[in-house]
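Okay, so here's the structure we're looking at.
The values are calculated or read from the model by the stated rules, or taken from the named source; none is laboratory data. As the structure is a computational prediction, the values presented were derived from the model and not from experiment. Note that we place each Cβ from the backbone using ideal geometry, even for glycine, and neighbour counts take in every protein chain shown. Side chains are part of the model used for accessible areas, which takes the heavy atoms of the whole protein and leaves out ligands, DNA and RNA. Shrake-Rupley method; radii C 1.70, N 1.55, O 1.52, S 1.80 Å.
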Amino acid sequence: MGAPRLLAGLDRTPRLDRVAHLTAHGSLPRLRPDELVDLAEDIDLRGRGGAGFPFARKLRAVMRSARERDGLTAVVVNGSEGEPSCLKDTALLLHAPHLVLDGALLAAAALGAEDVVVAVTREDVEQSVRDAVAERGPAGRRVRVTRLPERFVTGEGTALVSGLNGGAALPSGQKVRTSERGLGGAPTLLSNTETFAQLAVAARLGALDYRASGLPGEPGTTLLTVAGSTVVETPTGTSLAYVLELCGSDAGQGVLVGGYHGRWLPPGSARGAEVSRQSLAALGAVLGAGAVLPLPQDTCPAGEVARVTRWMAKESAGQCGPCVRGLPALADVLEDAVAGGGRTALEAVEARMRVVRGRGACSHPDGTSHFVASALAAFPEEFTDHALGSGCGRRVLGALPLPQDESPERLVVDWTLCKGHGLCVDILPDVVRLDADGYPAQASMPVPGRLRPKALRAVRRCPALALRIQE
């Protein structure tokens, strides 16, 4: 419990079915409503989907609304992970779904909720959760699984509820609290996948044992997705530099914390940061949904940021001018600046960011503009050099992950150089398989977009320089 634990090998570990889950974790206690609120408060449980809202306050708000609405309540697990740099919720739902269901059903029992819904966006995740529900027999009948469109904005609270209620999975643009009106119009406890898993762990351990890990003010552990490909569980207070080292990386040119609505930390700040709300807040950053994206030395920062900004513009909910017109325009002027558009192009970027801020129907325009602003502050010389025409001379390697392209790149082995060290399979077990002699079994292997950062690391780490990525 005292050190980070890599979860990247979950794909090689059998999924915990109901029997294996109970063997590993034991039975789940039942808690009265006041006991559940006290537990969440004692461990300072907060939402792990981005905002970090106190879970005990959500519980109280739902209970208060239920008293005014004939006691009807619902529980919704937000298992949509539209952020390309996040995999932690996917890892939980694919390999430990019963832990998540435990937390949701524990909350449902305390609230007297009849409706428990797990909202997902991936087909494999949907099947895993459906299997888990079936494995519970009669106890699982109150849980239903709903698959929604896989988009960046699907996970926003009003978008998720709208999709579950049969409408479009798009933000409403209104300040609607799900604790007052959510699933089917009932007061709804909506929280992230990891939040419910942490609740299930804390219910079994009790507040005192749960607090034995992590910081006194921020107890417990948290799940991080590093470089868009490795999930790690770490106690709060762990050095961010140590987590990066454990995942085979370092601070590089800087670290983006909190995903594509997050903030960039310069290398020095990243090396001195801890995995905690307080430490990151002091550096002007937030952990958000736990995405940690180090930028390697051999890629172009300006090009990477422009590439992500263009994708974010395409993820518009299509409901307001700042999103529909503002974000594509921001992507246009940013690409112009990176391509040598001069100081006027950089000034146009600043102007476009001012136009979209604070005017969107949801947080997407603000989040995207803050991502760009943070990058301009973290890499000022890079953007200036590009705008003035000199550039940095480096390719854009796609170190910031985006959804997989239709034609994935391939990892290619040069047989005249390969010595069979096997380091590539240690770094990239999802792609590389060894033959009986300990050499890669294939000369050319497709690399899914989400695993590109690991593939780049395998290329850099190959002692014989026998690997390359082919477009």
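Can you give me the number of residues within the stretch 138-170 that are within 21 Å of V19 (Cβ to Cβ), open to solvent by 30 Å² or more (accessible area, probe 1.4 Å) and part of a helix (DSSP H, G or I)?
Count: 2.
Return the residue satisfying two criteria in turn: it lies in the stretch 182-208 and is free of Cβ contacts under 8 Å to residues at least 60 places away in the same chain and open to solvent by 40 Å² or more (accessible area, probe 1.4 Å), and of such residues it is nearest to P219 (Cα to Cα).
L208
Which condition number in (1) in contact with an Asp or Glu (Cβ under 6 Å, 6 or more places away or on another chain); (2) over 30 Å from L22 (Cβ atoms) is the one that G262 fails?
Unmet for G262, out of (1) in contact with an Asp or Glu (Cβ under 6 Å, 6 or more places away or on another chain); (2) over 30 Å from L22 (Cβ atoms): (1).
Output the residues belonging to the stretch 85-105 that are open to solvent by 10 Å² or more (accessible area, probe 1.4 Å) and in a helix (DSSP H, G or I).
T90, A91, L92, L94, H95, L99, L105
Provide a single number: the residues in the stretch 392-440 that are free of Cβ contacts under 8 Å to residues at least 60 places away in the same chain, surrounded by 13 or more Cβ atoms within 10 Å (Cβ to Cβ) and within 16 Å of Q253 (Cα to Cα).
Residues flagged as free of Cβ contacts under 8 Å to residues at least 60 places away in the same chain, surrounded by 13 or more Cβ atoms within 10 Å (Cβ to Cβ) and within 16 Å of Q253 (Cα to Cα) within the stretch 392-440 amount to 0.
Taking the stretch 354-372, which residues are of a type in the set (A, V, I, L, M) and farther than 13 Å from F383 by Cβ?
Result: V355, V356, A361.
If you scan the stretch 352-411, which residues turn out to be closer than 21 Å to G341 by Cβ and acidic (D, E)?
Result: E381, E382, D385.
Got at least one residue in the stretch 120-132 being more than 23 Å from the chain's Cα centre (by Cα), open to solvent by 10 Å² or more (accessible area, probe 1.4 Å) and not aromatic (F, W, Y)?
yes
Here are G214, G248: which of them is out of contact with any Phe, Trp or Tyr (no Cβ under 9 Å at 6 or more places or on another chain) and farther than 22 Å from K454 by Cα?
Within the list G214, G248, the selection yields G214.
Any residue at all in the stretch 369-379 that is touching a residue at least 24 places away in the same chain (Cβ under 8 Å), under 22 Å from V349 (Cα atoms) and in contact with a His (Cβ under 9 Å, 6 or more places away or on another chain)?
Among the residues of the stretch 369-379, at least one is touching a residue at least 24 places away in the same chain (Cβ under 8 Å), under 22 Å from V349 (Cα atoms) and in contact with a His (Cβ under 9 Å, 6 or more places away or on another chain), which makes the answer yes.
Within the stretch 15-27, which residues are surrounded by 12 or more Cβ atoms within 10 Å (Cβ to Cβ) and either part of a helix (DSSP H, G or I) or at pLDDT 95 or above (or both)?
Within the stretch 15-27, R18, A20, H21, L22, H25 qualify.
Restricting to the stretch 340-365, name every residue that is in a helix (DSSP H, G or I) and either touching a helix residue (DSSP H, G or I) at 6+ places or on another chain (Cβ under 7 Å) or in contact (Cβ under 8 Å) with a residue 60 or more places away in the chain (or both).
R343, A345, L346, A348, V349, R352, M353, V355, V356, H364, P365
Scan the stretch 142-168 residue by residue and report those that are aliphatic (A, V, I, L, M) and without any contact (Cβ under 8 Å) to a residue 24 or more places away in the chain.
Within the stretch 142-168, just A168 meets the criteria.
Please work out which residue is farthest from the chain's Cα centre (by Cα), limiting yourself to the stretch 43-65 and to residues that are over 18 Å from Y210 (Cα atoms) and surrounded by fewer than 19 Cβ atoms within 10 Å (Cβ to Cβ).
For the stretch 43-65, the residue satisfying everything is R64.
Which residue out of V100, V77 is among the β-branched types (V, I, T), within 18 Å of L148 (Cα to Cα) and modelled with pLDDT of 95 or more?
V77
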